[in-house]
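What follows is a set of notes on a single structure, which appears directly below.
The values are calculated or read from the model by the stated rules, or taken from the named source; none is laboratory data. As the structure is a computational prediction, the values presented were derived from the model and not from experiment. Glycine also receives a Cβ, built like all others from the backbone with ideal geometry; neighbour counts cover every protein chain displayed. The area values use the complete protein model at the heavy-atom level, side chains included, leaving out ligands, DNA and RNA. Shrake-Rupley method; radii C 1.70, N 1.55, O 1.52, S 1.80 Å.
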Amino acid sequence: FKQGISNLHRPNNQSTELLLTIGMCTVLIATLLFARFILVEQITMVDADDRPNMVLFDIQTSQKEELKTLTTEYDLEVKQEVPVVTMRLKEINGITKKQADEDSTLEIPSWVFSREYRVTFRDELIESETLSEGKFQKQLAHPSDSIFITVSEGFAENLKWKIGDEVLFNVQGTLIKTYIGGFRKIDWRRVQTNFIVLFPKGVLEQAPQFHVMVTKVDESDVSVRYQQAVVTLFPNVSIIDLELILKTLEEVLNKISFAINFMASFSLVTGLIVLAGAVVLSQSQRIKESVLLRTLGASTGQIFRITALEYFVLGFIGALAGLLLSNGFSWALAVFVFENDFLFSGYHNLMILGSITFGTVLIGISNIRPVLKKSPLEILRKSE
């Protein structure tokens with residue numbers, strides 16, 4: 001143990017060069033792998049096996065239960081059924097569209113007021129939503145209470161909305177004053193109804209509304225018969241069959257994912273070759289030192305353990321430093337380039353740390369194989 005550690009700072013040592021090479025190779029390999037995870041995560045569709053593939057909308061409130069019954073008769077599961085209320089933004093913090101158009105310093109785009117907001121109301125968050133900031137008001141306890149809505153995090157960031165901002169909506173001629181109570185982080189990759197604005201229960205139940213229903217149809221013949229039945233019984237209901245669109249999109253995403261994985265694998269192999277080359281460069285010096293130790297009476301096992309420990313320390317320190325840098329670079333890529341969350345993976349970090357360390361030890365041991373198998377005199381004669 002003492003000899004192995006001492007070898008790190010012996011005369012003419014290459015510890016600094018090896019640490020730098022191992023660390024930089026780790027940075028290259030780990031950053032590429034982490035970037036690959038971020039990219040593939042962004043382009044992968046969630047719940048591909050159980051995703052809905054048919055959307056029915058413009059369902060009137062009086063038709064809702066009847067359509068649900070029809071859906072269950074075809075052995076189809078209603079994945080989602082939500083009410084939708086259409087409204088427009090009247091004021092934001094007391095600022096109207098006219099004031100925003102006349103004063104450019106307010107930095108409120110005109111489309112914020114001119115677009116239609118299709119919102120829903122419920123007392124719980126769904127799978128694709130998480131409350132990132134603020135509070136979620138489930139239900140309005142009393143009609144005179146203040147109404148707190150939750151807004152999509154990305155939408156609010158673009159418009160620089162803050163918690164507590166006053167938002168006045170025009171719902172079919174009725175003005176409803178609300179306040180931003182929280183922000184929701186939404187996974188838009190899920191095939192389901194997601195909303196920018198979410199109201200609590202007890203506010204919009206009596207407002208003019210239509211309903212959206214989402215289901216999954218596995219067999220094409222069932223899909224045809226079900227759509228024919230819906231059109232016949234509910235001619236006002238519109239149907240969107242997403243199966244072909246989703247399959248085409250998934251094929252494209254799979255090809256993109258394959259290209260990302262291929263480039264990451266190619267770069268990984270390149271990094272490992274560079275790492276192996278750096279360690280092999282010190283082979284002649286290692287052999288001479290090992291021969292000297294054998295001449296002084298060191299056993300094969302002692303030389304093996306000395307070399308293994310030295311390369312273990314080099315590999316571990318170099319890989320650990322490289323991983324620290326790589327996680328920092330990956331975080332910057334995720335946040336500033338890919339505009340996505342960076343999720344630290346302890347499993348992948350340990351896997352890379354162990355692989356680089358073990359690989360360094362393996363290559364280092366292979367450098368002194370001639371010393372372990374042959375006599376010192378035979379090696380010295382060949383080196384001459």
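Key figures
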| read-out | value |
| --- | --- |
| Residue match in region 162-181 (condition: within 30 Å of the chain's Cα centre (by Cα), surrounded by 15 or more Cβ atoms within 10 Å (Cβ to Cβ) and β-branched (Val, Ile, Thr)) | yes |
| When residues of region 128-159 are limited to those that are of a type in the set (Ser, Thr, Tyr) and open to solvent by 70 Å² or more (accessible area, probe 1.4 Å), the one modelled with the lowest pLDDT | Ser144 |
| Check on Ser220, among the hydroxyl-bearing types (Ser, Thr, Tyr) and under 24 Å from the mean Cα position of the chain (by Cα) | no |
| Test result for Phe169, modelled with pLDDT of 90 or more, farther than 26 Å from Met213 by Cβ and part of a strand (DSSP E or B) | no |
| Candidate set: region 183-237, residues that are at pLDDT 90 or above and among the small types (Gly, Ala, Ser); chosen: the one most open to solvent (accessible area, probe 1.4 Å) | Gly202 |
| Within region 57-84, considering residues that are open to solvent by 40 Å² or more (accessible area, probe 1.4 Å), in a strand (DSSP E or B) and under 16 Å from Pro235 (Cα atoms), the one modelled with the lowest pLDDT | Phe57 |
| Some residue of region 345-354 being assigned to a helix (DSSP H, G or I), within 23 Å of Ile303 (Cα to Cα) and out of contact with any His (no Cβ under 9 Å at 6 or more places or on another chain) | yes |
| Residue selected from region 245-273 under the condition within 30 Å of Ser6 (Cα to Cα) and at pLDDT below 70, by the criterion most open to solvent (accessible area, probe 1.4 Å) | Leu272 |
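Every residue, every condition in (1) open to solvent by 60 Å² or more (accessible area, probe 1.4 Å); (2) assigned to a strand (DSSP E or B); (3) touching a Lys or Arg at 6+ places or on another chain (Cβ under 7 Å), yes or no:
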| position | (1), (2), (3) |
| --- | --- |
| Thr86 | no, yes, yes |
| Leu89 | no, yes, no |
| Lys98 | yes, no, no |
| Asp101 | yes, no, no |
| Ile108 | no, no, no |
| Val112 | no, no, no |
| Arg118 | yes, yes, no |
